[in-house]
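The values are calculated or read from the model by the stated rules, or taken from the named source; none is laboratory data. Just so you know, these numbers come straight off a predicted model, no measurement behind them. Cβ placement follows ideal geometry from the backbone for every residue including glycine, while neighbour counts extend to all protein chains displayed. These accessible areas exclude ligands, DNA and RNA; they are computed on the full protein's heavy atoms, side chains included. Shrake-Rupley method; radii C 1.70, N 1.55, O 1.52, S 1.80 Å.
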Amino acid sequence: MAGDPVVIVIGGGVAGLAAACELGHAGVPVCVVEARERIGGRVFTQRIPDCDVPIELGAEFIHGRPAEIVDPLQRAGVELTEVSGENWCVSDGQLSPCDFWSQVEEVLEKMDDSRPDESFLAFLDRCCGNSKTKRKVREHALDYVSGFNAADPGLVGVHWLVQQTRAEEQIGGDHSYRARNGYADLLDVFQRQMEAAGIRLRTESVVEMVKWHPGNAEVRFHDRAGSSRLEAPRVLITLPLAVLKAGRGEACAVEFTPSLPQRKIEALDKMEMGKVIRIVLRFRERFWGKIQPRGSDRSNLADMSFLFSEDEYFPTWWTTMPRESPVMTGWAPFHSAERLSGQSREFVIERALKSLSTIFKMNAKELERVLEGAYFHDWQSDPFSRGAYSYGKVGAVEAEKILAEPLDDTLFFAGEAMDTTGNNGTVHGAIASGKRAAKQILRGLEFSSSRTRIAV
């Protein structure tokens, strides 16, 4: 693609890639500016030699059957496999099949967005009793909201949770899937589309400033060659929420000149970035298939899919079921992530193995002997993400729409935090936001073109 871009896309995550592809297919000259050395953002798949499953360090599951993901993968001939298997729980140190989901669902169904908004924690205080049974259900409900949404129950808003639940129901979000090669399959689709459309991609280019006025924007960034700049009539910002919220002087903060309007700043304050540390452990064998849980009619854990424990560091684990690979993923949300973030690789691995050894009543040294590899990424300490994914605080229901509003047909916004369909924090929500922003830009270009023809 020759000449200056008509649109600069800041951020090569899936929102930016989706928007760039839509614009490129429409014949619009586009340049994507990405800080990392790779595309994908918080989608980060690694292929390990001699490992038969992809290692996902970021997004992993396809929640439901969202068209934004399913359609391009199906056109590319990529097969999706539904997550299956048994769910196990640890209670009072004992392993048993999980039996609390129906009770948690009953609690969640009581959330009502016709009432004044409140935090999920305040909702539980109001709706749930104080009996021993109710306290246990309350704990499971708290674990679910903080685990699935990576959210602080004292901050996340009930109205936002209800909106998210409705959006999940529309796509069958109670079922999850994986692609054969993980989310790398989706990035491959975007890569091919970008190449076909002639979209320019500048990686390792860290944006520092967006200087703009109606009809023109200058993007200043630094790369290996030093300081550089690009100009275009329109700029699409797809930065993660926490990067947009970063203050002057903080790592990888982007300065806007003039500043974003107060309306957007207030909307940013209504959204929060969730915290998660995840670790993927690859073993020489599926050792859990030999474990016989006491007091259960199941002979072993060979069909285990998810494992919920009381561990303070890694309360949730899952396997690759239905694919039988010797790989387990540990999930540390909210407070667990705060305990692990910024710690050394050795510390995180040690805590993960300690978690499993306690759950399975195995010697940690025995687990170390069968460990082939450990892989993790600290998204909180990553300056280009500063967290995992977004959620809405009390009063945040309109925040996504405000964040998605363009400024003077010059600055546009996308990303999972700017999704207006109720799918914040998801890959398909990020893609939907990118496509929405591309349509906004194309409408503006068509209007500008028609005005030019009228003037002529």
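Considering the range 239-307, its Cα convex hull presents a mean projected area of 8.9 nm². Built from the Cα atoms of the chain, the convex hull projects on average onto 23.6 nm², one quarter of its surface area. Only one residue of LEU307, TRP331, GLY395 has its Cα farthest out toward the positive end of the dipole of the range 282-410, where Lys and Arg carry +1 and Asp and Glu -1 on Cβ, and that residue is LEU307.
The relative contact order of the range 1-80 comes to 23 percent, based on Cα pairs under 8 Å that sit 6 or more residues apart. A probe of 1.4 angstrom, applied to the heavy atoms of all protein chains, finds ILE402 with accessible area near 30 square angstrom. Of the residues LYS290, LYS270, ranked by 1.4 Å probe accessible area with the largest first, the sequence reads LYS290, LYS270. With a 1.4 Å probe rolled over the protein heavy atoms of all chains, the accessible area of ILE279, ILE39 falls in the order ILE39, ILE279, largest first. Residues whose amide H comes within less than 5 Å of that of VAL156, counting only those at least five positions distant or on another chain, are PHE120 (H built at 1.01 Å from N in the peptide plane). Considering only the other residues whose Cβ falls under 9 Å of the Cβ of PHE334, what net charge follows from Lys and Arg at +1 and Asp and Glu at -1? Computed value for this residue: -1.
Placing one equal scatterer on every Cα of the range 102-203 and applying the Debye formula, the log10 ratio I(q)/I(0) at q = 0.10, 0.20, 0.21, 0.25 Å⁻¹ is -0.45, -1.01, -1.08, -1.37. For ASP188 and GLN292, a Förster radius of 35 Å and the Cβ-Cβ distance give a FRET efficiency of 0.25, rounded to the nearest 0.05.
For ASP117, the solvent-accessible surface with a 1.4 Å probe is about 40 Å², rounded to the nearest 10.
Between CYS98 and ALA67, full extension at 0.36 nm per residue minus the direct alpha carbon distance yields a gain of 8.0 nm. For the chain, CYS21, CYS31, CYS51, CYS127, CYS128, CYS252 have no disulfide-compatible partner, since no other Cys C-beta lies under 4.7 Å from theirs.
Accessible area ranking (1.4 Å probe, heavy atoms, ligands and nucleic acids excluded), largest first, for SER259, SER341: SER259, SER341.
Per residue, the average separation of C-alpha pairs within less than 8 Å and at least 6 apart gives the range 310-456 a relative contact order of 12 percent. Using a probe of 1.4 Å, the accessible surface attributed to LYS134 totals some 90 Å² when neighbouring protein chains are kept in position. Whole-Hz Karplus values for the range 377-385 come out as 9, 8, 5, 5, 8, 6, x, 8, 10 Hz, taken residue by residue from phi with 6.51 cos²θ - 1.76 cosθ + 1.60 and θ = phi - 60°; glycine and proline positions read x.
Its residue count N sets the reference 2.2 N^0.38 Å, and the alpha-carbon radius of gyration of the range 347-421 equals 1.83 times that reference.
Mean separation of Cα pairs under 8 Å and 6 or more residues apart, divided by the residue count, gives the chain a relative contact order of 23 percent. Applying 1/(1 + (r/R0)^6) with r as the Cβ-Cβ distance of GLN343 and GLU368 and R0 = 25 angstrom yields a FRET efficiency of 0.85.
Give me the angle, in degrees from 0 to 90, between the Cα long axis of helix 132-148 and the longest principal axis of the Cα atoms of the chain, rounded to the nearest 10. Here the helix axis deviates by roughly 40 degrees.
Among the listed pairs LYS134/LYS393; LYS290/LYS354; LYS290/LYS361, which are separated by more than 22 Å between their Cα atoms? Table pairs above 22 Å Cα-Cα are LYS134/LYS393.
Counting only DSSP beta bridges whose two residues both lie in the chain, roughly 70 percent are antiparallel.
Taking only the Cα atoms of the range 29-173, the ratio Rg/Rh comes out at 1.04, with Rh defined as the Kirkwood radius.
The Cα atoms of the range 256-387 define a convex hull whose projected area, averaged across directions, is 10.6 nm².
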